[in-house]
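To start, the structure itself, in structure tokens.
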Amino acid sequence: MAEKMFVQGNEAVGWGALYCGCDGFFGYPITPQNEVTQWFAHEFPKRGKVFLQSQSEVGSINMLFGGAAAGFRVMTSTSGPGWGLMQETISHLVAAELPCVIVLVQRGGPGAGSIRHAQMDYITATRGGGQGGYKNIVLAPGSVQEVHDLIQLGFHLADKYRNPLVILTDGILGQVSESVEVKTIDFGPLDKKPWALRGRERQEDGKSRIVNSAVGVLPLPPYPNYISWLKHIEEKYREMEGSELRYEIYQAEGADLILVAYGYTSRVSKEAVNMARAEGHKVGMIRPITLWPFPYSVIREKAMLGCKFLVVEDSLGLLIDDVKIGVEGRADVHLVGILDRHIPTDGGMIMPGRVFEEIKRLL
Amino acid sequence: MNKKKVCGNPKIWKDPPGAAMYCPGCQHPVIDRIISEVLEEMDIDGKAICVVGVGCHAFVQISWNLDVLSSAHGRALDSGTAIKRLNPDAIVFTVQGDGDCIGIGAGAFIGAMIRGEKITTIMFNNTNYGTTGGQLAPTTLLGQKTATTPHGRDAALEGYPVHTAELAATFKGTAYSARGSVHTPADYQRTKRYIKTAFQKQIDGVGFSFVEVLSACPPNWHLSPVKCLKRIGEDIVSEFPLGEFKNEDSTERLSKSK
Ligand SMILES: Cc1ncc(C[n+]2csc(CCOP(=O)(O)OP(=O)(O)O)c2C)c(N)n1
Ligand code: SF4
């Protein structure tokens, strides 16, 4: 059953979650994600699902730690400073192998920065911002429909790998409204979380469970020691890298210049590609949908063909580091960033015209 | 000859029990034993989910034949909140140290009481941070020497010991709050009654229930186990009086219209 709706990106988070069996949402107010939290407050309790406003983002993320350990599909949503507060427990979630979804609607930083859109949390989202150097899949939607779809894929992959997963959007994608087809997407079967805490008598085998993130202190079966467990975690990362890479290639065939962008700036970039193609310039775009794992091989292939690269991201340059890793020194990598906004305020945006100007300068 | 077992390990103790990690004379496992007896006697161990904090009090997770979540330091009540909300039939309780509960975890603790979560918290008060080597805790007595107050706690610098059970009683969402001790057999029995009452409040849906239990930490107090008991009976009990501070039966105050 599918329903057509005209909704905001932030609301599409809710519809996506509802249609894939999310059981609980735990959140704390922060702009520009407030519509997400408010959507759940309105829509979840009347459907018998859990919505709870926590006392802080530290609270929200630790509620996810409990809810996920108890075998439920749980999620939260945050921005800037709230994201900073969550880092310690995201690391615990990885260590305890607990699946959940965290939506990060990016705003301007550093510090309290601005309460409006930006793309300035790329590094902490993709590199394990908390202690201990961990990995989690990061999905970056480029449209409101994709917000809805990737939330569902996100829950599936989180459960499949028993790992937290981040959906990285931004203030613009959160606020913009588009037509969306709301429906349940089938990604195939999953196990019934035999490791989850339900109370001993509710376990199928009648045996008690422990969920712990300190495997080096209290080794838990089946891992006899810390290093054997680390090896298992590492194998999981490799499997995610091998199986979950997703990206979109747009007009990149025979291109001399490749734009790389995600989120709202991928929409801007597509527009700029169209403007350039209309004037006969050979320009294309690579849009990573998974920011981790990152499509290094796709970037490398183009670099080996002699393409130049232009990264379009609303920051001082973070995604650009991954593109540089991808090209392995074989190509020039340029940036249209936050300093190129159409007006120099928190409300300014990177506009297609500015990207097109840069395309012409580089070709 | 007719042999009858009159004493033994609680049923929910793993056989063999997890490697004992406590120092000689530590009273944490004594409190663990009370909790075990209560869960067994009330026949709620099968649907219990325990969330332990971070500290020596968390060692119990390997001894219990219960579902246990080991939370981030100070966050047991956040994690417990979600478990109880999503699975209201479960008996959810937290085992926390004084540092875990009212030090780093104060925000989570107060948040749970403001919301009146139907959870039971047992806080082990040994007046210091045991695991990390006996540092200052919010519960450290005035004048008490710790690893980070080498000249003794000074009110002008470190403030005064926090009275957690009395604080818990001030919250409308709290149904029950008590402070017990296990330094004498009579106190052991009284504390057991408190813990039983606390779990009953959760079963009856009256609100948050809290029991603080004084616990000896011989190596960090630099006292023999026997002298620790004397210290509890004299100095600690005079700072932290034992007894019940709140015992609420009615769920009316939690109703929507108020
Ligand atoms: C965020 C964080 N900070 C510090 C620590 C280190 N740490 C581990 S246990 C502990 C103190 C525990 O004291 P308490 O809660 O009183 O428990 P006890 O060991 O006395 O039972 C500290 C500070 C940690 N694990 N996590
Ligand atoms: S350090 Fe103190 S609290 Fe920890 S096990 Fe030893 S006696 Fe118990």
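Could you give me the residue pairs with C-beta distances under 9 Å whose first residue belongs to the stretch A:160-184 and is on the phi > 0 side of the Ramachandran plot, whose second residue is aromatic (F, W, Y) wherever it lies, and which are 6+ apart or on separate chains?
A:R162/A:W195
Have a look at B:I119, B:I102, B:I114 and point out the one that is β-branched (V, I, T), within 10 Å of ligand 1 (Cβ to nearest atom) and either under 21 Å from B:G80 (Cβ atoms) or more than 11 Å from the chain's Cα centre (by Cα) (or both). Before you say what the answer is, go through the steps one by one.
On the way: B:I119 fails: within 10 Å of ligand 1 (Cβ to nearest atom); B:I114 fails: within 10 Å of ligand 1 (Cβ to nearest atom).
Among B:I119, B:I102, B:I114, only B:I102 is β-branched (V, I, T), within 10 Å of ligand 1 (Cβ to nearest atom) and either under 21 Å from B:G80 (Cβ atoms) or more than 11 Å from the chain's Cα centre (by Cα) (or both).
Name the single residue that is nearest to A:M120 (Cα to Cα) among those in the stretch A:326-348 being exposed (fewer than 14 other Cβ atoms within 10 Å of the Cβ) and not acidic (D, E).
A:L339
Starting from residues that are touching a Phe, Trp or Tyr at 6+ places or on another chain (Cβ under 9 Å) and assigned to a helix (DSSP H, G or I), keep the ones in the stretch B:45-73 and report whichever is nearest to ligand 2 (Cβ to nearest atom).
B:C56
Could you list, in sequence order, the residues of the stretch B:74-103 that are outside any helix (DSSP H, G or I) and either more than 18 Å from A:R73 (Cα to Cα) or more than 7 Å from chain A (Cβ to nearest Cβ) (or both)?
Going residue by residue through the stretch B:74-103, those that are outside any helix (DSSP H, G or I) are B:74-75, B:87-97.
B:G74, B:R75, B:P88, B:D89, B:I91, B:V92, B:F93, B:T94, B:V95, B:Q96, B:G97 - these are the residues of the stretch B:74-103 that are outside any helix (DSSP H, G or I) and either more than 18 Å from A:R73 (Cα to Cα) or more than 7 Å from chain A (Cβ to nearest Cβ) (or both).
Among B:A155, B:A147, which is the only one that is more than 16 Å from ligand 2 (Cβ to nearest atom), surrounded by fewer than 20 Cβ atoms within 10 Å (Cβ to Cβ), aliphatic (A, V, I, L, M) and more than 14 Å from every other protein chain (Cβ to nearest Cβ)? Give the derivation first.
Details: B:A147 fails: more than 16 Å from ligand 2 (Cβ to nearest atom).
B:A155 is the lone residue from the list that is more than 16 Å from ligand 2 (Cβ to nearest atom), surrounded by fewer than 20 Cβ atoms within 10 Å (Cβ to Cβ), aliphatic (A, V, I, L, M) and more than 14 Å from every other protein chain (Cβ to nearest Cβ).
Would you please name the residue that is surrounded by the most Cβ atoms within 10 Å (Cβ to Cβ), looking only at residues in the stretch B:37-63 that are touching a strand residue (DSSP E or B) at 6+ places or on another chain (Cβ under 7 Å) and at the interface with chain A (Cβ under 8 Å from one of its Cβ atoms)?
Top of the filtered list is B:V51.
If you go through the stretch A:4-21 one residue at a time, do you hit one that is without any contact (Cβ under 8 Å) to a residue 24 or more places away in the chain, in a helix (DSSP H, G or I) and farther than 30 Å from A:E234 by Cβ? Talk me through it step by step, then tell me what you get.
Applying the first criterion (without any contact (Cβ under 8 Å) to a residue 24 or more places away in the chain) to the stretch A:4-21 yields none.
No, that holds for no residue.
Given the stretch A:222-290, what strands (runs of 3 or more DSSP E) lie entirely inside it while holding 2 or more residues that are out of contact with any Gly (no Cβ under 8 Å at 6 or more places or on another chain) and modelled with pLDDT of 95 or more?
Values: elements: A:247-250, A:257-260, A:283-288.
Once the strands (runs of 3 or more DSSP E) in the stretch A:222-290 are filtered for at least 2 residues that are out of contact with any Gly (no Cβ under 8 Å at 6 or more places or on another chain) and modelled with pLDDT of 95 or more, what remains is A:283-288.
Out of B:G233, B:G173, I need the residue that is at negative phi, within 14 Å of chain A (Cβ to nearest Cβ), away from ligand 1 (no atom under 16 Å from the Cβ) and surrounded by fewer than 21 Cβ atoms within 10 Å (Cβ to Cβ). Which one?
Details: B:G233 fails: within 14 Å of chain A (Cβ to nearest Cβ).
Only one candidate passes the filter, namely B:G173.
Would you point out which residue out of B:A48, B:A82 is of a type outside the set (S, T, Y) and either within 11 Å of ligand 1 (Cβ to nearest atom) or without any contact (Cβ under 8 Å) to a residue 40 or more places away in the chain (or both)? Step through it out loud before you land on a result.
Values: B:A48 fails: either within 11 Å of ligand 1 (Cβ to nearest atom) or without any contact (Cβ under 8 Å) to a residue 40 or more places away in the chain (or both).
Step by step, each of B:A48, B:A82 is checked, and only B:A82 is of a type outside the set (S, T, Y) and either within 11 Å of ligand 1 (Cβ to nearest atom) or without any contact (Cβ under 8 Å) to a residue 40 or more places away in the chain (or both).
Please go through (1) assigned to a helix (DSSP H, G or I); (2) within 11 Å of chain B (Cβ to nearest Cβ); (3) not aliphatic (A, V, I, L, M) for A:F72 and return the number of the only condition it doesn't satisfy.
Single failed check for A:F72: (1).
Output the residue which, of all residues in the stretch B:8-33 that are assigned to a loop (DSSP other than H, G, I, E, B) and within 11 Å of ligand 2 (Cβ to nearest atom), is modelled with the lowest pLDDT.
Of the residues in the stretch B:8-33, the ones assigned to a loop (DSSP other than H, G, I, E, B) are B:8-12, B:14-27.
Next cut, within 11 Å of ligand 2 (Cβ to nearest atom) only: B:20-27.
Values: B:A20: 71, B:M21: 83, B:Y22: 91, B:C23: 95, B:P24: 94, B:G25: 96, B:C26: 96, B:Q27: 97.
Among those residues, the one meeting the criterion is B:A20.
Before we move on, is B:I195 of a type in the set (A, V, I, L, M), under 18 Å from B:A165 (Cβ atoms) and within 16 Å of ligand 2 (Cβ to nearest atom)? Give the steps one after another, and end with the answer.
Working: of a type in the set (A, V, I, L, M): yes; under 18 Å from B:A165 (Cβ atoms): yes; within 16 Å of ligand 2 (Cβ to nearest atom): no.
The answer is no for B:I195.
Check the stretch B:129-143 and report whether any residue there is more than 14 Å from ligand 2 (Cβ to nearest atom) and crowded, with 23+ Cβ neighbours inside 10 Å.
Initially, the stretch B:129-143 is screened for residues more than 14 Å from ligand 2 (Cβ to nearest atom), giving B:136, B:138, B:141-143.
Those still in the list that are crowded, with 23+ Cβ neighbours inside 10 Å too: none.
No, the stretch B:129-143 contains no residue that is more than 14 Å from ligand 2 (Cβ to nearest atom) and crowded, with 23+ Cβ neighbours inside 10 Å.
Take A:E88 and decide whether it is assigned to a helix (DSSP H, G or I) and under 12 Å from the mean Cα position of the chain (by Cα). Steps first, please.
Details: assigned to a helix (DSSP H, G or I): yes; under 12 Å from the mean Cα position of the chain (by Cα): no.
No; evaluated as a whole, the condition is false for this residue.
Would you point out the residue of the stretch A:91-105, among those that are closer than 22 Å to A:K160 by Cβ and part of a strand (DSSP E or B), that is nearest to the other protein chains (Cβ to nearest Cβ)? Don't jump to the end; show me each part of the working.
Of all residues in the stretch A:91-105, those closer than 22 Å to A:K160 by Cβ come to A:91-104.
Filter once more, so that each one left must be part of a strand (DSSP E or B): A:100-104.
Working: A:C100: 10, A:V101: 14, A:I102: 14, A:V103: 17, A:L104: 19 Å.
Per the stated criteria, the residue is A:C100.
Return the pairs, sorted by first residue and then second, in which the second residue is in a loop (DSSP other than H, G, I, E, B) and within 11 Å of ligand 2 (Cβ to nearest atom), the first residue lies in the stretch B:107-136 and is within 14 Å of chain A (Cβ to nearest Cβ), the beta carbons are less than 8 Å apart, and the residues are 6+ apart or on different chains.
Short answer, once both residue conditions are applied: B:T131/B:G55.
In the stretch B:64-73, which residue that is out of contact with any strand residue (DSSP E or B) (no Cβ under 6 Å at 6 or more places or on another chain) and in contact (Cβ under 8 Å) with a residue 40 or more places away in the chain is nearest to the other protein chains (Cβ to nearest Cβ)? Break it down into steps so the answer makes sense when it comes.
Step one: filter the stretch B:64-73 for residues out of contact with any strand residue (DSSP E or B) (no Cβ under 6 Å at 6 or more places or on another chain), giving B:64-65, B:72-73.
The next check asks that each one be in contact (Cβ under 8 Å) with a residue 40 or more places away in the chain; those that pass are B:64-65.
Details: B:W64: 7, B:N65: 5 Å.
Ranking the qualifying residues of the stretch B:64-73, first place goes to B:N65.
Of the residues A:S54, A:S77, A:S114, which single one is within 30 Å of B:M113 (Cβ to Cβ) and more than 9 Å from chain B (Cβ to nearest Cβ)?
That would be A:S77, the only listed residue that is within 30 Å of B:M113 (Cβ to Cβ) and more than 9 Å from chain B (Cβ to nearest Cβ).
Can you name every one of the helices (runs of 4 or more DSSP H) wholly within the stretch B:170-258 that holds 3 or more residues which are touching a residue at least 12 places away in the same chain (Cβ under 8 Å), within 15 Å of the chain's Cα centre (by Cα) and within 23 Å of B:T94 (Cβ to Cβ)?
Answer list for the stretch B:170-258: B:185-204.
Just give me the residues in the stretch B:118-128 being more than 13 Å from ligand 2 (Cβ to nearest atom), in a loop (DSSP other than H, G, I, E, B) and in contact with a Ser or Thr (Cβ under 8 Å, 6 or more places away or on another chain), in sequence order.
Across the stretch B:118-128, the qualifying residue is only B:I119.
In this structure, does B:G107 turn out to be surrounded by fewer than 24 Cβ atoms within 10 Å (Cβ to Cβ), over 23 Å from A:L98 (Cα atoms) and more than 13 Å from ligand 2 (Cβ to nearest atom)?
When the stated conditions are applied, B:G107 passes them.
The values are calculated or read from the model by the stated rules, or taken from the named source; none is laboratory data. Source: prediction; values computed, not measured. Every residue, glycine among them, receives a Cβ derived from its backbone with ideal geometry; neighbour counts consider all protein chains shown.
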